[in-house]
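Everything below concerns the one structure shown next.
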Amino acid sequence: MLKPILIHPDPRLKKTCAPVADLTDELRKLAADMLETMYDAPGIGLAAPQIGVLDRLIVMDCVKEGDPEPVIMFNPEVLASSDDTNVYEEGCLSIPDQYAEVTRPAEVRVGWIDENGNPQEKDFDGLWATCVQHEIDHLNGKLFIDYLGPMKRQTMTRKSAKLKRERARA
């Protein structure tokens, strides 16, 4: 089922999320709904706080063509990151139609619990590394615009607030 995506500024997007203590069927359904919402948006990642749920859960799929490779992560954390960096033009489903270059570690090792309750660990690079870091940032109340200078961040926040008002009136 599609979930409405929160638009910045929204105080829930700036909150730190609680770890998932117990995997339930309800949380697995939430993850499936998040994937459906992400694909529909369309996006390559979605974090639970973006739909108003303050749990440490993200979904992502950075495959643009071919068979999808959805990843569901409960309690994801960066275990290690490279000194090398990459710059990607990032966007966010909670800050629609706005993009900016963000510098992040080029490679990260991430640990998480999968939807079956099994611990996982994997190295990510390229777009996957950028995406997983962007989504984990959401769980810590951080948006990609927080990496930008104050002027650019304020401009993007104003545009997003305007869009949010226009959508509320529609």
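Mind listing the phi-derived Karplus ³J(HN,Hα) values for the stretch 137-147, rounded to whole Hz, using 6.51, -1.76 and 1.60 with θ = phi - 60°, and x for any glycine or proline?
So the J values, rounded to whole Hz, are 3, 4, 5, 9, x, 10, 10, 4, 5, 5, 8.
Quick check: from the Cα gyration tensor, does the chain come out rounded (a/c under 1.5), prolate or oblate?
Because a/c hits 1.5 or more and a/b fails to exceed b/c, the chain counts as oblate.
Over what distance in Å are the Cα centres of the stretch 71-86 and the stretch 87-124 separated?
When both Cα centres are located, 7 Å separates them.
Starting at the first residue of the stretch 155-170, write each ³J(HN,Hα) from the Karplus equation 6.51 cos²θ - 1.76 cosθ + 1.60 with θ = phi - 60°, in whole Hz, x for Gly and Pro.
Each residue's phi maps through the Karplus curve to give 4, 5, 5, 4, 4, 5, 5, 4, 4, 4, 5, 4, 5, 5, 6, 5 Hz.
Once the piece of chain linking LYS29 and VAL87 is laid out straight, how much longer is it, given 0.36 nm per residue of separation minus the C-alpha distance between them?
So the chain would gain 17.5 nm between LYS29 and VAL87.
Can you tell me the dipole magnitude for the stretch 1-134 around its Cα centre, using point charges on the Cβ only (Lys, Arg +1; Asp, Glu -1), in Debye to the nearest 20?
Once rounded to the nearest 20, the dipole reads 540 debye.
Hey, can you find the accessible area per residue of the chain for me, probe 1.4 Å, expressed in square angstrom?
That works out to 54 Å² per residue.
Give me the one-decimal nm value for the distance between modelled label points at GLU121 and LEU163, 7 Å along each residue's Cα-to-Cβ direction.
So the two model labels end up 3.8 nm from each other.
With the chain treated as a Gaussian network of Cα nodes joined by springs under 10 Å, which of PRO76, PRO105, PRO42 yields the largest mean-square fluctuation?
PRO42
Enumerate the amide H contacts of LEU79 below 5 Å, restricted to partners 5 or more residues apart or on another chain; note that Pro and chain-start residues carry no placed amide H.
ARG109, VAL110, GLY111
Take the stretch 1-94, drop everything but the C-alpha atoms, weight them equally and run the Debye formula without solvent; then report log10 I(q)/I(0) at 0.16, 0.17, 0.20 Å⁻¹ to two decimals.
Log10 I(q)/I(0), no solvent term: -0.73, -0.82, -1.09.
So for each of 122-128, 23-29, 108-114 I average, over its residues, the number of other beta carbons within 10 Å; can you give me the resulting order with the highest mean first?
Descending mean neighbour count gives 108-114, 122-128, 23-29.
Build a GNM of the chain with springs between Cα atoms under 10 Å: which of LYS64, LYS14, LYS142 gets the top mean-square fluctuation?
So, out of LYS64, LYS14, LYS142, the one fluctuating most is LYS64.
Provide the gained length on full extension for the span GLN154 to ASP40, in nm with one decimal, where the gain is 0.36 nm per separating residue minus the Cα-Cα distance.
Net length gain for the segment: 38.2 nm.
Among ALA41, ALA21, ALA106, whose mean-square fluctuation peaks in a Gaussian network model of the chain (Cα, cutoff 10 Å)?
Maximum among the listed residues: ALA21.
Residues with amide H under 5 Å of LEU57's amide H, sequence separation 5 or more or different chain, H placed in the peptide plane at 1.01 Å from N; which?
ALA48, ASN75
The values are calculated or read from the model by the stated rules, or taken from the named source; none is laboratory data. Not measured: the values here are computed from a predicted model. Positions of Cβ are generated from backbone atoms using ideal geometry, with glycine treated the same way; all protein chains shown enter the neighbour counts. What goes into the accessible areas is simple: the full protein's heavy atoms, side chains included, and nothing from ligands, DNA or RNA. Shrake-Rupley method; radii C 1.70, N 1.55, O 1.52, S 1.80 Å.
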